Structure formats: C-alpha cells, structure tokens
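The values are calculated or read from the model by the stated rules, or taken from the named source; none is laboratory data. From a predicted model like this one, the values you see are computed outputs, not experimental measurements. Using ideal geometry, Cβ is built from the backbone for each residue, glycine included, and neighbour counts are taken over all protein chains shown.
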Amino acid sequence: MTKAHDALCLATDNTPISNNIKRLLRLIACDDVIMAFKDGSYLVYKYNDISYRQDKLIIAQSDDLPFEI
C-alpha cells in the first residue's frame, strides 16, 4: 500500500471530508494537481469545470501521469 493509496482512501471515504478535499483543491488550484509522495507514488486530482462532484482523484505512477510535472 502506497502513501497515495492511503490518501485516496481518506479522500474517498463516504464522509463530508472527501467533498471538502475536492473543494479545497478546486479552490486553491482551479486546475489539475499532482501530489507526489516520498515513496514515489502520485495522487492526481483531475479538475472538471462543471462541478467538483465530477472531479477525479486517481493514483498514478510516473509513467502514467496525465501531464508533465
């Protein structure tokens, strides 16, 4: 289990915190975000301009990143 998996488990829990994490990332970045962890894993926030409810949090490896870091 990577750190990105741990963060995704917290963020996708069926609690209000998961929506708050997406709202916070939307407010701060207003775009896609890559969170890099020390163990080499990445958590990618994919922004959707329609609604934060349609935003995605996905786990990626360096080869799978949807955009350059």
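Suppose we filter segment 26-69 for residues that are of a type in the set (Lys, Arg) and either assigned to a loop (DSSP other than H, G, I, E, B) or in contact with a His (Cβ under 8 Å, 6 or more places away or on another chain) (or both); how many remain? Counting residues in segment 26-69 that are of a type in the set (Lys, Arg) and either assigned to a loop (DSSP other than H, G, I, E, B) or in contact with a His (Cβ under 8 Å, 6 or more places away or on another chain) (or both) gives 1.
Can you find a residue that is at pLDDT below 85 and either under 12 Å from the mean Cα position of the chain (by Cα) or surrounded by fewer than 11 Cβ atoms within 10 Å (Cβ to Cβ) (or both) anywhere in segment 31-40? So far as segment 31-40 goes, no, none of its residues is at pLDDT below 85 and either under 12 Å from the mean Cα position of the chain (by Cα) or surrounded by fewer than 11 Cβ atoms within 10 Å (Cβ to Cβ) (or both).
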